[in-house]
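Below is one structure, written out as structure tokens, with a few remarks after it.
Please treat every number below as a calculation from the coordinates, not as lab data. This is a predicted model, so every value here is computed, not measured. Glycine also receives a Cβ, built like all others from the backbone with ideal geometry; neighbour counts cover every protein chain displayed.
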Amino acid sequence: MPPPTEGAMPEHVHGGAVSSAPAAFRPDPAGWVPAARRVPSPNFDARPAGLPVDLVVIHNISLPPGQFGSGDIEAFFQNRLDPSRHPFFATIHEVRVSAHFLVTRTGELVQFVSCLDRAWHAGQSEFLSRPRCNDFSIGIEIEGSDDQPFTLAQYHTAAALVRALLAAYPVRALAGHSDIAPGRKTDPGPHFDWAAFAAAAGLASGMLPYRKGRP
């Protein structure tokens, strides 16, 4: 398989080349996506009863910072990060976090937490005056950094996943981590192509409230 191409999505993706999500991306009744490689994280708990899942949060992550494909993201989310492997790891190895999904640089989808449960991805956050975004959101980590383009394979996988989440849950909006935690977080960063992603994922007008008037 050729290496993934980095940069903005090509023109053929605009207009919804991903017309519908493959069935394998649709969560099963237990909240697990068949297309994803399952790597269970212990870092989750129950969502508040009766609260709908209506937000998807897009993040980026790389471990070590700026490096890809090390396997350390999975180790971090499973509380087995080795602090001796990198100086940065010594500062975070006791932090307990997770996300529902990770999209690797090659476009592989990994799932850590059931969509029905609360993953610990957003931290202190607020979506349109609603605090505690972990309560009602699904977190998607895209392997990358603020200063490098994402790959086309990542956009295709993330778009297919979001289409499936829209079909399975009452999702009404998407936001970046920086939108719900401004001043504290900067991801997914300036290289994430929101307009192209919205077209590929089939997002209705108004589903990106923080993108109005912004690229």
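Would you work out if the stretch 130-197 is rounded, prolate or oblate? Take a ≥ b ≥ c from the square roots of the eigenvalues of the alpha-carbon gyration tensor; rounded if a/c is under 1.5, else prolate when a/b is larger than b/c, oblate otherwise.
Details: a/c = 2.23, a/b = 1.07, b/c = 2.08.
In terms of gyration-tensor shape, oblate.
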As a percent rounded to 5, the proportion of antiparallel DSSP bridges among beta bridges in the stretch 57-215 is 35
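Would you tally the net charge around Asp82, using a Cβ to Cβ cut-off of less than 15 Å, leaving Asp82 out, and scoring K and R as +1, D and E as -1? Don't skip to the answer; put the middle values down first.
On the way: positive: Arg80, Arg85; negative: Asp72, Glu74, Glu94.
Taking every Cβ under 15 Å from that of Asp82, the sum is -1.
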Where does the stretch 67-173 land on Rg(C-alpha)/(2.2 N^0.38 Å)? 1.13
Dipole moment magnitude, nearest 20 debye, the chain about Cα centre, only Lys, Arg, Asp, Glu C-beta charged: 460
On average, how much area does the Cα convex hull of the stretch 27-103 cover when viewed from any direction, in nm²? 6.2
May I have the pair-distance distribution P(r) for the chain, computed from all Cα-Cα distances with 5 Å bins from 0 and rounded to whole percent? 1, 7, 16, 21, 23, 18, 10, 4, 1, 0
Which residues in the stretch 178-215 place their backbone N less than 11 Å from a point set 7 Å from the Cα of Val95 along the Cα-to-Cβ direction? 185
Taking 30 Å as R0, compute the FRET efficiency from the Cβ-Cβ separation of Gln78 and Arg172 and round it to 0.05. 0.45
10 Å Cβ shell holding at most 16 others, DSSP loop, trypsin sites (Lys or Arg not before Pro): longest site-free stretch of the chain: 1-79
